[in-house]
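Taking it in order: structure first as structure tokens, then the write-up.
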Amino acid sequence: MPEFARCNVTLPARLLVRSLDIPVIAAGGIMDGAGIAAALMLGASAAQPGTAFIACPESLANDDFRAALHSEASRHTVMTRAISGRPARCLANRFTTLGATIPVDRIPNYPIAYNAGKALNAAAKAAGKPGFGAHWAGQGAPLARCQPAARLVAELASELALA
């Protein structure tokens with residue numbers, strides 16, 4: 001099985017492709033066929049849309065996450081270590097606000113932080129206090145489309161063919 005390198009298309013993907021002797025899978029901000037085409041033009045072997053699929057009914061995103069994705073919140077993503085112990089981009093919510101008050105060196109590593117975050121979210125939901133979920137999302141979140149995954153894949157392929 002070959003090794004793969006993942007890169008965010010906002011990083012110097014072209015430099016990675018030129019310097020690595022393994023396939024590069026571009027990820028980050030890829031929401032449509034034009035984004036896929038851009039990644040492939042930079043030399044990536046494949047593109048991996050992620051946030052593009054959150055609004056699909058097949059995803060496991062809960063109602064709070066879906067509502068945030070289709071609100072002004074989708075335009076305000078933040079980087080945080082608080083949710084998982086690893087840097088990741090997500091929609092700003094009560095959890096990220098809380099996490100911003102904790103010094104980075106005080107946040108436990110994965111999986112300790114992630115398990116604690118899941119427990120916090122469960123307790124908050126049980127108390128009727130939403131906004132503590134891990135609402136992972138990239139900067140392309142405002143472009144999310146609410147439709148079945150198969151239809152989204154067909155649209156991405158159609159858009160790629162036109163790009």
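Here, each number is a calculation from the coordinates, and none is a lab measurement. Fair warning: this is a prediction, and the values are worked out from it, not measured in the lab. Positions of Cβ are backbone-derived with ideal geometry, glycine not excepted, and every protein chain shown enters the neighbour counts.
Put in order of Cβ neighbour count within 10 Å, fewest first, the listed residues 40, 69, 15 become 15, 40, 69.
Counting 0.36 nm for each residue step from residue 158 to residue 45 and taking away their Cα separation leaves a gain of 38.8 nm. Here the scattering of the chain is modelled by Debye summation over its C-alpha atoms, one equal scatterer each and no solvent; at q = 0.11 Å⁻¹ the log10 of I(q)/I(0) is -0.51. Under the simplified labelling scheme, the residue 101-residue 22 pair shows an inter-label distance of 4.1 nm, with each label point 7 Å from Cα along Cα→Cβ. Each Lys and Arg Cβ is given +1 and each Asp and Glu Cβ -1; about its Cα centre, the chain then shows a dipole of about 460 debye. The rule of thumb for compact globular proteins, 2.2 N^0.38 Å, goes into the C-alpha radius of gyration of segment 63-126 1.11 times. Taking the fewest neighbouring Cβ atoms within 10 Å as the starting point, the ordered list for 101, 96 is 101, 96. Size descriptors for segment 94-163, from the alpha-carbon set: Rg then Dmax equal 17.6, 49 Å.
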